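Provided herewith is a single structure, encoded as structure tokens, for subsequent inquiry.
Coordinate-derived values only; no laboratory data. Since we're looking at a predicted model, the values are computed, not measured. Here Cβ is always computed from backbone atoms with ideal geometry, including for glycine, and neighbour counts include all displayed protein chains.
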Amino acid sequence: MKTPFLITKEEILKFYKPVNPLTHKGLQGHAVIIAGSYGKIGAAVLASKSCLKSGCGLVTTFIPKCGYQILQISIPEVMVITDENANAITNINLSLLPQAIGIGPGIGKELSTQKALFEFLRINKSPLVLDADALNILAENKSWLELVPENTILTPHRKELERLIGNWNSESEKFQKTIAFSEKYKVIIVMKGAPTFIINKNKIYENTTGNAALATAGSGDALTGIITGLSAQNYESVQAAKLGVFLHGLTADIALPQTGCQSFTASDIIENLGRAFLTLEN
């Protein structure tokens, strides 16, 4: 495997855009998060909240009906659209054209949800971040990958990556297969792990922030929200991925002295995002 480019603060500052003091919410990007199913509405909450906290001006969340009150009460800042189905996403009906869409956290793999994803991919025009069950559905329907727009960001953990690219016998084979996949479908792959790598065709980037505290439920949902929020703010896809994993890792580095590894949760990622941004500004 060739030597990866390191994602350091120095690297990030080459393209990081501090907020214009004269901006307004309409200029800060509108993102959509499509997430959740019965029993997994928390994934939609975590992704939506982290999307807002990444500097996005407006966030609309698309969820099954059962999550409506949960979302409205837990994140009053987020706008909510519901599916006609109570428990799962079955028909993604958006009357807006957002700057970026994150889809997948907690959506499950019900047949009606799979069909909804297919129909959505067929007509979608916005930059995409694909995570969790969206990746698992695509792994089972590989031909649908042709519908995924160029420079879409995929954020698989180890098991999801294996479903997409097949088994590997060594680290170098894993990278070879991931690069081949990225080149074939022209997508950016965030290989979540310790450390996290980003594969953009034949370029490999290695993140330098983060620690074992991030190995916790909902951590990936928060990352999806952060990257979607940054994509909506006009960062190029590979920049959004790099800045996203850097900030996500940084929250754990900042929080560790207070929480320790064991007690850090995905909500702590969201809690510490502001401090992570301040680290870049100081």
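If I filter the range 205-236 down to residues being among the hydrophobic types (A, V, I, L, M, F, W, C) and out of contact with any helix residue (DSSP H, G or I) (no Cβ under 7 Å at 6 or more places or on another chain), which single residue comes out as surrounded by the most Cβ atoms within 10 Å (Cβ to Cβ)?
Ala232
Among the candidates Gly42, Gly55, Gly26, which residue alone is of a type in the set (Gly, Ala, Ser), over 21 Å from Ile107 (Cβ atoms) and part of a helix (DSSP H, G or I)?
It is Gly26.
Something else now. Any chance you could count how many residues in the range 239-282 are more than 24 Å from Leu13 (Cβ to Cβ), polar (S, T, N, Q) and within 18 Å of the chain's Cα centre (by Cα)?
So the count comes out to 2.
Considering the range 1-23 alone, what residues qualify as being farther than 30 Å from Ile81 by Cβ, in a loop (DSSP other than H, G, I, E, B) and hydrophobic (A, V, I, L, M, F, W, C)?
Met1, Phe15, Leu22
Hey, any hits in the range 84-104 for a residue that's of a type in the set (Asp, Glu) and either under 25 Å from Ala217 (Cα atoms) or touching a residue at least 40 places away in the same chain (Cβ under 8 Å) (or both)?
No: the range 84-104 contains no residue that is of a type in the set (Asp, Glu) and either under 25 Å from Ala217 (Cα atoms) or touching a residue at least 40 places away in the same chain (Cβ under 8 Å) (or both).
Let me ask another. Does Ile123 satisfy the condition of being among the β-branched types (Val, Ile, Thr) and within 25 Å of Leu58 (Cβ to Cβ)?
Answer is yes for this residue.
Can you tell me which residues in the range 245-262 are polar (S, T, N, Q) and either surrounded by 18 or more Cβ atoms within 10 Å (Cβ to Cβ) or closer than 14 Å to Gly218 by Cβ (or both)?
The one that is polar (S, T, N, Q) and either surrounded by 18 or more Cβ atoms within 10 Å (Cβ to Cβ) or closer than 14 Å to Gly218 by Cβ (or both): Thr251.
Look through the range 102-120, keep the residues that are surrounded by 22 or more Cβ atoms within 10 Å (Cβ to Cβ) and among the aliphatic types (A, V, I, L, M), and return whichever of them is farthest from Thr155 (Cα to Cα).
Only one residue fits best here, namely Ala116.
Still on this model: State all residues of the range 83-101 that are of a type in the set (Gly, Ala, Ser) and surrounded by fewer than 18 Cβ atoms within 10 Å (Cβ to Cβ); if no residue qualifies, say none.
The answer is Ala86, Ser95.
Among the residues of the range 106-118, which ones are touching a strand residue (DSSP E or B) at 6+ places or on another chain (Cβ under 8 Å) and of a type outside the set (Val, Ile, Thr)?
Result: Leu117, single match.
Ok, one more. Here are some residues: Leu247, Leu223. Which one is touching an Asp or Glu at 6+ places or on another chain (Cβ under 9 Å), among the hydrophobic types (A, V, I, L, M, F, W, C) and within 21 Å of Ile188 (Cα to Cα)?
That would be Leu223, the only listed residue that is touching an Asp or Glu at 6+ places or on another chain (Cβ under 9 Å), among the hydrophobic types (A, V, I, L, M, F, W, C) and within 21 Å of Ile188 (Cα to Cα).
Could I ask something else about it? Hey, among the residues in the range 212-223 that are assigned to a loop (DSSP other than H, G, I, E, B) and out of contact with any Leu (no Cβ under 6 Å at 6 or more places or on another chain), which one's farthest from Gly193 (Cα to Cα)?
If we take residues in the range 212-223 being assigned to a loop (DSSP other than H, G, I, E, B) and out of contact with any Leu (no Cβ under 6 Å at 6 or more places or on another chain), then Ala217 is farthest from Gly193 (Cα to Cα).
So which residues in the range 59-105 are of a type outside the set (A, V, I, L, M), under 19 Å from the mean Cα position of the chain (by Cα) and not in a loop (DSSP other than H, G, I, E, B), if there are any at all?
Thr60, Thr61, Phe62, Gly102, listed by residue number.
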